[in-house]
1. I'm trying to understand the selection: among the residues of region 183-205, which are assigned to a strand (DSSP E or B) and exposed (fewer than 14 other Cβ atoms within 10 Å of the Cβ)?
2. Among the residues in region 223-243, are any free of Cβ contacts under 8 Å to residues at least 24 places away in the same chain and part of a loop (DSSP other than H, G, I, E, B)?
3. Being at pLDDT below 85, touching a Lys or Arg at 6+ places or on another chain (Cβ under 9 Å) and open to solvent by 30 Å² or more (accessible area, probe 1.4 Å): is that true of ASP223 here?
4. When GLY74 is evaluated against the numbered criteria (1) part of a strand (DSSP E or B); (2) modelled with pLDDT under 75; (3) open to solvent by 10 Å² or more (accessible area, probe 1.4 Å), which criterion, by number, is the only one it fails?
5. Scan region 232-269 residue by residue and report those that are at pLDDT 60 or above and open to solvent by 40 Å² or more (accessible area, probe 1.4 Å).
6. For region 43-65, which positions are part of a strand (DSSP E or B), within 14 Å of the chain's Cα centre (by Cα) and within 17 Å of SER240 (Cα to Cα)?
7. Inside region 101-119, can you point out the residues that are charged (D, E, K, R), in contact (Cβ under 8 Å) with a residue 60 or more places away in the chain and open to solvent by less than 80 Å² (accessible area, probe 1.4 Å)?
Amino acid sequence: MTKKSGWVIMLFASLVLGSATGAWAGSREASFALFKRSISPVYHWGQNGLITVPKAVTLGKGNFYLAGSAQDAGKIEGDRLFLTAATIMAGTSEDVELGYTRRQFIWDNLDKTDLEMDTFHFKARIFHMTDTFIPQLALGIHAVSLSDNEFNSYDEILFNPYLAATVQIPLGTEKAMLSLTGVAEVLYNEGETGQAFFSAGADLGFWETLYLVAEIQGINLDDGDPIVNIGARVKAGWFSLGVSLFNALEDKSGELGQEKEDSRYWMGYAAVEIPLGTMLRGKQDR
C-alpha cells in the first residue's frame, strides 16, 4: 500500500465510521452532507432523484439507466484526487426500483487508489394516486458494507433508511414540470439509530430535455447552516450530461484535510437511460 492510498483509506474510513457512530468532524450537517455524497446512488437528476436526495417518483417497470459521476476531492501531496461513482438502477415494477453503486477514489492521472465501496439501493413507492398535484410517497434504503465490500455480517452493514414525498406540478403544460421533494432519513448500524435528518429540494424540467435541480441538506439542525447543492442536466435521446456544485453558498475553497466539509466542490455527470418498459408498453397500446 502506498502512502497516498493509505491516506485515502484513512479519510474514507473516518468519514463512513464517523458518520455511522455520530463522531462528527465539524458541524453535523456538513459531515452528513459529505456522507450523503459517499453513499447516495447517482440519481437520474430530475427523475428518480435530485443530486443526493431521492424522490418518491420511480423509473417505471422495465426502465433502467447507467449513470456515472466524478467530483473533485481536493489534493494530497500536490496531486489531485477525484471520487468517482457508477450506478445501475432498474425499475422492477411501476413502484419498485433496485440499484447498485460502485464508488472509487482515483488520481488525476486516472490511477486507481486501493479504496472502493459497494452500495445497494432499494426504493418502493407506497402511495401514488396520480402523477401531478397529489404527493407521492416512497420508502427506501441504502446499504453499504463497512468491511472490505462484504455483506456477510449484519453488524458490518450501515443502513440509511428514508421516507420521501414528492409532488409534481405542471406549469401550464406537461412540457414544463416543477417537482418539490422532502425527505426524512436516519443512519442505522449495530442496533443503534442516529439522529433524523431532513432534506428538501426542487427540480424543474423543460420538454424532457433540460433539468435544473437544487437541494438543501440538514435543514432541521441548529448547530450550523444547511448545505445547498445545485445542478443542471441536458438530455438528448437516451443520453444526459450534467454538472453540479456542492455547498454552493459556501465561500471557502479548501483542500483535503483542511475543512473539507466547508468547501465547494464541482461534480460532472453522465447517464444513459434505456426506457425499455416504456417502449414495450407503447407498442402494446398501438
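The values are calculated or read from the model by the stated rules, or taken from the named source; none is laboratory data. Remember, predicted model here, so these are calculated numbers, not experimental data. As a convention, Cβ positions derive from the backbone with ideal geometry for all residues, glycine included, and neighbour counts pool all protein chains shown. Calculation scope for accessible area: heavy atoms of the full protein, side chains included, ligands and nucleic acids excluded. Shrake-Rupley method; radii C 1.70, N 1.55, O 1.52, S 1.80 Å.
1. GLU192, THR193
2. yes
3. yes
4. So GLY74 meets the others, but not (3).
5. Listed by number, the residues that qualify are VAL234, ALA236, GLY237, TRP238, PHE239, LEU241, VAL243, LEU249, GLU250, ASP251, ARG264, TRP266.
6. TRP45, GLY49, listed by residue number.
7. Across region 101-119, the qualifying residue is only ARG103.
Let's see how each residue does on (1) at pLDDT 95 or above; (2) within 24 Å of ALA73 (Cβ to Cβ):
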site: LEU137; (1), (2): yes, no
site: VAL144; (1), (2): no, yes
site: PHE151; (1), (2): no, no
site: ASN160; (1), (2): no, yes
